[in-house]
Amino acid sequence: MPKRYSKHIIYIFISALFFSIQIKEVAAQKCSKKKLADKDIRLDFDYRGQSLFVELSNGDTTSLNIILYSKQNYRIFVAGEQKLGNIEYQIIVPKKKFNRVMESVQPKTVNVYKKDPNGFYLYNPEGERIVIGEETIMDTTWTRETTVFKEVVFDSNKAENNFWEATPSKTQLITIKVNVGLSEKKQLGCVGLYVGREYSNIYQFRR
């Protein structure tokens, strides 16, 4: 392929990618201006930090990774345009599990000491235990194995409330996974992943 055609194709690809990104940004800005959630669910939480607004269609899924900071109150929920129908979402938290695992087993020679009938060690005049022989034992070395798994802490299909509230004791990463239900007539609409924060420490600055 001639170089001028190759450069032309690359230019078209980059232009198309840039145009696609611009369209997504415009859609996100349009969705962020829509009233997807009422005041009675938003309350007085601040949603300006990590919320995400996207345009999705039936059958689409999206995920948002966010950081929850320790000792702050959070309210998280998902809302979308009515024409999209059922929107399900889960909140997933990565967790660690520690297990004691045998690393190796090696033979080891140790001394055998003399004991009295009651099982107490006997000592020589120098205060040392009296050696009567040797024996081989299996010396086991242990280590700790860390397993990371994901736990669903909230499922909109099973929860009583349509929002999740938490006050984490330590800063942690969570994932909000959203799925727009299927429909006979595919629709395109706005979905908001609302992440609201309320400072629990009254001495901290609040925007």
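The values are calculated or read from the model by the stated rules, or taken from the named source; none is laboratory data. Bear in mind that the values here come from a model prediction, so they are computed numbers and not experimental data. Using ideal geometry, Cβ is built from the backbone for each residue, glycine included, and neighbour counts are taken over all protein chains shown.
For the reader, a short list of remarks on this structure follows.
- Strands (runs of 3 or more DSSP E) wholly inside segment 108-207 containing at least 2 residues that are in contact with a Pro (Cβ under 7 Å, 6 or more places away or on another chain): 131-155
- Residue in segment 32-50 that is touching a residue at least 12 places away in the same chain (Cβ under 8 Å), assigned to a loop (DSSP other than H, G, I, E, B) and hydroxyl-bearing (S, T, Y) present: yes
- Of the criteria (1) closer than 30 Å to T167 by Cβ; (2) assigned to a loop (DSSP other than H, G, I, E, B), which one I66 fails: (2)
- Some residue of segment 141-154 being free of Cβ contacts under 8 Å to residues at least 40 places away in the same chain and farther than 30 Å from L52 by Cα: yes
- Verdict on D155 being under 30 Å from Q82 (Cα atoms) and either more than 23 Å from the chain's Cα centre (by Cα) or surrounded by 10 or more Cβ atoms within 10 Å (Cβ to Cβ) (or both): yes
- Enumeration of residues in segment 74-96 that are modelled with pLDDT under 95, loosely packed, with under 15 Cβ neighbours inside 10 Å and either part of a strand (DSSP E or B) or at positive phi (or both): P94, K95, K96
- Neighbours by Cβ (under 8 Å, 6+ apart or cross-chain): first from segment 107-125, hydrophobic (A, V, I, L, M, F, W, C); second surrounded by 11 or more Cβ atoms within 10 Å (Cβ to Cβ): V112/V131; V112/I132; L122/Y113; L122/K114; L122/K115; L122/R129; L122/I130
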